[in-house]
Amino acid sequence: MSLFEYAERVAEAQATKEAVEKITNSKPNLTVEEAYEIQKISMEKTMTADNRFIGWKMGLTSIAKQQQVGVDSPIYGRLTSQMNLRTNEIIAAEYIHPRVEAEVAFVFKKELQGADLTPLEVWDAIENVFLALEVIDSRYKNFSFTLPDVIADNASSSKIWLSAQAFSPYTCDWASIEVILKQNGEEKLHGTGAAVLGHPIYSVIELLTMLAKEGRGILPGQLVLTGGITDAIPVKAGDEIEADYGTLGKLTLVVK
Ligand code: OOG
Ligand code: MG
């Protein structure tokens, strides 16, 4: 099968929510570069005036996340406007095997491109910070994949629920923030911003270093999700997930 055919298979699984075999089952030598090409082709197919490109997400930027899925390098994915939830509700039946994770997200005011930038250069381009819950949903059977598989599947991207409040970058030390993830009132996981590559800002630096290889960068107005602080919680109908970010506030997601 060609990369185009794999891209079609992934795009169809994303649309129909029917789990498929991972690509490396039939193409064991799939490279990371080919996988990003599959991601690009499949995501560009879904982009229309009603489903615009809005930014990037980083994934597998914390040890907890890497251990959960057995893949130990950071990856990126593409975010589109229809992923951005309008209300804090999802319907479990519209997903294959959804999981929820707590993150920090940045919105940019300046264009930024280049490898190995410094925190100084990246902060200078950031307009504000949001708290985020990400819903991920691997299109592969049993939520099981290798590095190139998950890249091809747009890093399992599904939905995003952002805080209503936008924070100034200077609000706090984003490495020191603590988040407690609760499921139906019961504490399940907790972590700090430092779990994300030492500080979520380094996730953006890593993203830009990867994008620079393709001559790409971040444009003004674009969103970047920096990656799950803890591992992700599998959810089912009837669940309520709360991410408690202490004095910064709480995010809740209701699963119907
Ligand atoms: C890959 C997506 C990872 C994150 O924040 O680490 C991700 C997966 O776990 O399926 O979004
Ligand atoms: Mg994530």
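Before moving on, here are some points about what is shown:
- With θ taken as phi - 60° and the Karplus curve 6.51 cos²θ - 1.76 cosθ + 1.60 applied, the whole-hertz 3J(HN,Hα) list for segment 34-45 is 5, 5, 5, 5, 4, 4, 4, 5, 5, 6, 5, 4 Hz, x standing for glycine and proline.
- Once exposed loop GluC sites (Glu not before Pro) are cut out (DSSP; at most 14 other Cβ, 10 Å), longest piece of the chain: 112-213
- The modelled label-to-label distance for the pair E8/E94, using points 7 Å beyond Cα in the direction of Cβ, is 2.7 nm.
- Other residues with beta-carbon under 12 Å from the beta-carbon of A237 carry, at +1 per Lys or Arg and -1 per Asp or Glu, a net charge of -2.
- Size of electric dipole in segment 78-137: Cβ of Lys, Arg +1 and of Asp, Glu -1, about Cα centre, debye, nearest 20: 160
- Phi angles of segment 103-116 translate, via the Karplus equation with coefficients 6.51, -1.76, 1.60 and θ = phi - 60°, into HN-Hα couplings of 9, 10, 10, 10, 10, 9, 10, 10, 6, 9, 8, x, 8, 6 Hz per residue; Gly and Pro are given as x.
- By the count of neighbouring beta-carbon atoms within 10 Å, fewest first, I63, I38 end up ordered I63, I38.
- Rounded to the nearest 20, the Cβ-based charge dipole of the chain about its Cα centre (Lys and Arg +1, Asp and Glu -1) stands at 360 debye.
- The overall shape of segment 7-57 is oblate: from the C-alpha gyration tensor, with semi-axes ordered a ≥ b ≥ c, the ratio a/c is 1.5 or greater and a/b is no larger than b/c.
- Too-long pairs where the Cα-Cα distance tops 27 Å, listed order kept, from K45/K159; K65/K213; K27/K213; K65/K236; K27/K256: K27/K256
- Label sites at Q165 and E111, each approximated as a point 7 angstrom past Cα along Cα to Cβ, lie 3.4 nm apart.
- Here the sum of -39500 (n - 2.57) over DSSP H runs of 4 or more residues, divided by the residues of the chain, equals -7000 deg cm²/dmol at 222 nm, to the nearest 500.
- Label point distance in nm, S144-T247, each placed 7 Å from Cα along Cα→Cβ: 4.6
- Estimated Rh, segment 64-114: Kirkwood, alpha-carbon pairs, angstrom: 14.7
- nm² value of the averaged projected area, convex hull over the Cα atoms of the chain: 12.4
- Sorting the segments 164-176, 72-84 by their mean number of nearby beta carbons within 10 angstrom, highest to lowest, gives 72-84, 164-176.
- Aspartates and glutamates whose Cα lies under 17 Å from that of K22, excluding same-chain neighbours fewer than 8 positions away: E5, E8, E12, E33, E34, E37, D137, D149, D153
- Exposure proxy for K22, K256: other Cβ atoms within 10 Å of each Cβ, ordered fewest to most, give K256, K22.
- Whole-angstrom gap from segment 1-57 to segment 127-173, using each part's C-alpha centre: 17
- Compared with the alpha-carbon gap, the fully stretched path from L120 to A237 is longer by 37.8 nm at 0.36 nm per residue.
- Summarising the amide proton neighbourhood of K109: residues at separation of 5 or more, or on other chains, whose placed amide H is nearer than 5 Å comprise I126, E127, G221.
- On the basis of the beta-carbon distance and an R0 of 51 Å, R86 and N29 show a calculated FRET efficiency of 0.75.
Any read-out appearing in this document is the output of simple, stated calculations on the displayed coordinates, not a laboratory observation. Please read these numbers as outputs of a predicted model, since none were measured by experiment. In this analysis, Cβ positions are derived from the backbone assuming ideal geometry, glycine residues included, and neighbour counts consider all displayed protein chains.
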